[in-house]
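**Student:** I'd like to ask some things about the structure below.
Every number here is computed from the coordinates shown, using simple stated rules; none is lab data. None of these values were measured; they are calculated from a predicted model. Note that we place each Cβ from the backbone using ideal geometry, even for glycine, and neighbour counts take in every protein chain shown.
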């Protein structure tokens, strides 16, 4: 190994590249609640688990969930999370 390279430079080359988040197509960080997701979707699903009231979609349940607009409709995002198989037991 080249000793002139810093540890940070060596780590970048060996980092695992994951497919995109299954929910929002952003940068996935690992399998969370049973599905490959980004940190944002993981945290969103975690907060949803503690929520008492269901989310309601104001656009007839047809919202696109993509990284740039994933926070626009929580109801459709939860629906997509559960449809993909996210569950509390999938931790």
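**Student:** Note down the nm distance, to one decimal, between modelled labels 7 Å out along Cα→Cβ at residue 29 and at residue 87.
**Tutor:** With each label point 7 Å from Cα toward Cβ, the separation is 2.5 nm.
**Student:** If I stretch the segment between residue 68 and residue 51 completely, what's the gain in nm (0.36 nm per residue apart, minus their alpha carbon distance), one decimal?
**Tutor:** 3.8 nm
**Student:** Compute from the Cα atoms of region 19-90 the Rg and the Dmax, the latter being the longest Cα-Cα distance, and quote both in angstrom.
**Tutor:** Cα only, region 19-90: 11.3, 32 Å (Rg, Dmax).
**Student:** Would you please put 27-34, 62-69, 49-56, 38-45 in order of how densely packed they are, using the mean number of other Cβ atoms within 10 angstrom per residue and starting with the highest?
**Tutor:** 38-45, 27-34, 62-69, 49-56
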